[in-house]
Amino acid sequence: MTARQNRGRKGGYAPGANAAGRQRVVGVLDVGASKITCFIAKTDEASRDHIRVIGVGHQLSRGMTSGGIVDLEAVETAIRLTIDQAERMAGSSIHGVTVNISAAGMRAKKVQGIINMGGREVTDRDVKRCLKIALGGFNEPEQAVIHAFPQRYRVDENADVRDPRGMFAHELAVELCVVCCPLGPIRNIALAVDRCRLELNAVVATPYAAGMSALVEDERNLGATIIDMGAGSTSFATFNEGVLEHLGVVPFGGTHVTNDIARGLTTPSASAERIKTMYGSVLDGPDDDRDMIDCPGMCDDPRLQPDQAPRALLTGIIRPRVEEILEMVRDQLDEAQPSNPWGRRIVLVGGASQLDGMSELASRVFGETVRIGRPMGMSGLAEAVGGAGFAAPAGTLRHTLSAQPETIRGAPELMGQRNNRADQPTHNSVHRIWHWLKDNL
C-alpha cells in the first residue's frame, strides 16, 4: 500500500509502535511565496524535548504570491510533491499537517478576563472559566483566532502571577495575547490541504514559530524580537518573560528585492534572483565600482552578449528596499511598544536575511545587537535545510510536539465546519451536555 493510498487512515503515531514505547510522528507544512516545505519528525528516543527530523521535502512554490493563493491547482500539485518527497525520505506516511501562515493583516491583540472568586481557592476549572471569558471578549467576525497565550494572571492585587492554581483570591484576572488572521487566507490554505487528502491539524503564526526555533530560552525570557524575512512578506514577533508579547506583518519581502533588481538591471526575474543570491549585498565593498556582473537581457537570443553592470549598482538597488522593510518593522514596533519596542536583541531568519551584510544593516536600523538565526534543538536536518530559511517549519515542529501553555490548540473552528457537516445531527442536547461537562469539570 503506497503512502498516497494509505492517506485515508487517521493516526499520529509511527506504524507498528506499541502502546508502551509509542513515539509521536508529526508533519508540518510551510506554504510560502518562494518555496513549499514539509518536515516530518518524531520525538527523540533519548529525550522528549529533542526533536528528530526523519523526512524533509521542499519544492519551488507555484500558484502563490505575497497576497496568498492565486492558483489553487498549482498549489495543490506543489504540496503533493512536497509531501511525497518528505514521506519517501521518512519511510512513513502522514495523515495531517500543521501549517504555519504569515498573511497580511495578521496581528496580536491583548484581551482581559475577570471573575469573582469570593475568597476561595483557585482551581483548574476557575482558570479555564477566566480564560474563556477573556477569549469571549475578542469579537471580530472576519478574523480567525489562531493563538491565545495567557501572558499573566492577577490574583487580587498581586499581579504578574504565572500560575494562580491553589492560591486564595477574591478576584482572578488574566491577560491574553490573541493572535488573529483574516479568514480568507486560512480558508484557502485549508482548502488546498483538504484537496491533498490531508487533515489540517493546526495553524501556527510564522513569526511565533520562527521564534520557537531560532531564539534560545534566555532570549525569550529577557526580551528579543524575531524577524522572519520571507519572499512575499516580512513578519516579526516580540518575546518577553518567555511569552509572546507582540506580532505583526509587513507586506514586503525578498521577492520585492528581486523585482527591483529585474527592473533596475533590465534582466529576467530568474536572472535577477540568481544575481541576488550570488552577488547581492546591502553593504558597499571597496571594489564594487570595478567588479562587473553579467546581466542577461530580456531576449534569449544567444547571439546577443549579456549586458554588464557594476556591483555598486546592484548594492544601490538592494539596500534601499531592505532598509525600507526594516524601518517599517521598526515603526510598527515603536507604535505597539514605545517603552521597549524590540526587546534587547534582534534575530533575523528567513531566506532574505541571508543577504551579505544583513545583520550589520539591521543593527544600524534598530540600534541593537543583531544576529542571523537558524533552527536549533533538533537533529536530522542537513546543512541545506538547516539554515535561516527553514526556521519557521522547524519552529512549527517544536510548537506541535511541545506542551506550550495555550488557551486554544488546533485549527480554527472554521476548518471543521465543512468537514463535519455530516455529523451535525449528532449535536443534540446530550452532545452539548457532554461538551459542557468536559469543558467545566
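The values are calculated or read from the model by the stated rules, or taken from the named source; none is laboratory data. Source: prediction; values computed, not measured. Every residue, glycine as well, gets a Cβ built from its backbone with ideal geometry; the counts of neighbours run over all protein chains shown.
Which of the residues belonging to region 358-388 are without any contact (Cβ under 8 Å) to a residue 40 or more places away in the chain, within 24 Å of residue 60 (Cβ to Cβ) and over 19 Å from the mean Cα position of the chain (by Cα)?
The initial filter retains those residues of region 358-388 that are without any contact (Cβ under 8 Å) to a residue 40 or more places away in the chain, namely 359, 363-364, 367-372, 383-384, 386-387.
Filter again for within 24 Å of residue 60 (Cβ to Cβ), leaving 372, 383-384, 386-387.
Listed by number, the residues that qualify are 383, 384.
Counting just the residues of region 130-151 that are surrounded by fewer than 19 Cβ atoms within 10 Å (Cβ to Cβ) and touching a helix residue (DSSP H, G or I) at 6+ places or on another chain (Cβ under 9 Å), which one comes out modelled with the highest pLDDT?
Among them, the one singled out is 132.
Out of region 213-234, which residues are in contact with a Phe, Trp or Tyr (Cβ under 9 Å, 6 or more places away or on another chain) and buried (at least 24 other Cβ atoms within 10 Å of the Cβ)?
213, 215, 224, 225, 226, 227, 228, 233, 234
Run residue 126 past the list (1) exposed (fewer than 13 other Cβ atoms within 10 Å of the Cβ); (2) in a helix (DSSP H, G or I) and report the number of the one that doesn't hold.
Among (1) exposed (fewer than 13 other Cβ atoms within 10 Å of the Cβ); (2) in a helix (DSSP H, G or I), the lone unmet condition for residue 126 is (1).
With respect to the numbered conditions (1) closer than 16 Å to residue 100 by Cα; (2) among the β-branched types (Val, Ile, Thr); (3) in contact with an Asp or Glu (Cβ under 6 Å, 6 or more places away or on another chain), which one is the sole condition not fulfilled by residue 204?
(3)
May I ask you to list pairs of residues, at least six apart or on different chains, whose Cβ atoms are under 6 Å apart, with the first in region 104-124 being touching a residue at least 24 places away in the same chain (Cβ under 8 Å) and at positive phi and the second being part of a strand (DSSP E or B) and surrounded by 12 or more Cβ atoms within 10 Å (Cβ to Cβ)?
105/182; 119/170
Here is a check on your reading of the model: is residue 262 more than 30 Å from residue 143 (Cα to Cα), surrounded by 17 or more Cβ atoms within 10 Å (Cβ to Cβ) and within 30 Å of the chain's Cα centre (by Cα)?
On the way: more than 30 Å from residue 143 (Cα to Cα): yes; surrounded by 17 or more Cβ atoms within 10 Å (Cβ to Cβ): yes; within 30 Å of the chain's Cα centre (by Cα): yes.
So residue 262 fits the description; yes.
Kindly evaluate residue 67 against the criterion of being small (Gly, Ala, Ser), modelled with pLDDT under 95, surrounded by fewer than 22 Cβ atoms within 10 Å (Cβ to Cβ) and within 23 Å of the chain's Cα centre (by Cα). Let's see the steps before the verdict.
Values: small (Gly, Ala, Ser): yes; modelled with pLDDT under 95: yes; surrounded by fewer than 22 Cβ atoms within 10 Å (Cβ to Cβ): yes; within 23 Å of the chain's Cα centre (by Cα): yes.
Yes; evaluated as a whole, the condition is true for this residue.
If a residue counts only when it is within 30 Å of residue 250 (Cα to Cα) and not hydrophobic (A, V, I, L, M, F, W, C), which strands (runs of 3 or more DSSP E) contained entirely in region 143-209 have at least 3 such residues?
Numbers: elements: 143-155, 158-161, 168-182, 199-205.
Answer list for region 143-209: 143-155.
When residue 419 is evaluated against the numbered criteria (1) surrounded by 15 or more Cβ atoms within 10 Å (Cβ to Cβ); (2) at pLDDT below 90, which criterion, by number, is the only one it fails?
The failed condition is (1).
Does residue 111 satisfy the condition of being touching a Gly at 6+ places or on another chain (Cβ under 6 Å), closer than 29 Å to residue 35 by Cα and either surrounded by 13 or more Cβ atoms within 10 Å (Cβ to Cβ) or not aromatic (Phe, Trp, Tyr) (or both)? Walk me through how you get there before you give the answer.
Working: touching a Gly at 6+ places or on another chain (Cβ under 6 Å): yes; closer than 29 Å to residue 35 by Cα: no; either surrounded by 13 or more Cβ atoms within 10 Å (Cβ to Cβ) or not aromatic (Phe, Trp, Tyr) (or both): yes.
In short, no.
Can you pull out every residue in region 210-232 that is within 20 Å of residue 254 (Cα to Cα), in a helix (DSSP H, G or I) and not hydrophobic (A, V, I, L, M, F, W, C)?
Initially, region 210-232 is screened for residues within 20 Å of residue 254 (Cα to Cα), giving 210-211, 214, 225-232.
Going one step further and asking which of them are in a helix (DSSP H, G or I), we end up with 210-211, 214.
Within region 210-232, just 211 meets the criteria.
Would you be able to tell me the number of residues in region 317-345 that are touching a Ser or Thr at 6+ places or on another chain (Cβ under 6 Å) and at pLDDT 95 or above?
Initially, region 317-345 is screened for residues touching a Ser or Thr at 6+ places or on another chain (Cβ under 6 Å), giving 325, 342-343, 345.
Within this subset, residues satisfying the condition of being at pLDDT 95 or above are 325.
Qualifying residue count for the region: 1.
Given the conditions (1) part of a strand (DSSP E or B); (2) surrounded by fewer than 20 Cβ atoms within 10 Å (Cβ to Cβ); (3) at pLDDT 95 or above, which single one is not true for residue 308?
Going through (1) part of a strand (DSSP E or B); (2) surrounded by fewer than 20 Cβ atoms within 10 Å (Cβ to Cβ); (3) at pLDDT 95 or above one by one, residue 308 breaks only (3).
Looking only at region 126-178, which residues are of a type in the set (Val, Ile, Thr) and out of contact with any Gly (no Cβ under 6 Å at 6 or more places or on another chain)? Break it down into steps so the answer makes sense when it comes.
Our first condition is that a residue be of a type in the set (Val, Ile, Thr); within region 126-178, this holds for 127, 133, 145-146, 155, 161, 174, 178.
Across region 126-178, the qualifying residues are 127, 145, 146, 155, 161, 178.
So which residues in region 101-141 are of a type in the set (Ser, Thr, Tyr) and in contact with a Ser or Thr (Cβ under 9 Å, 6 or more places away or on another chain)?
Initially, region 101-141 is screened for residues of a type in the set (Ser, Thr, Tyr), giving 102, 123.
Result: 102, single match.
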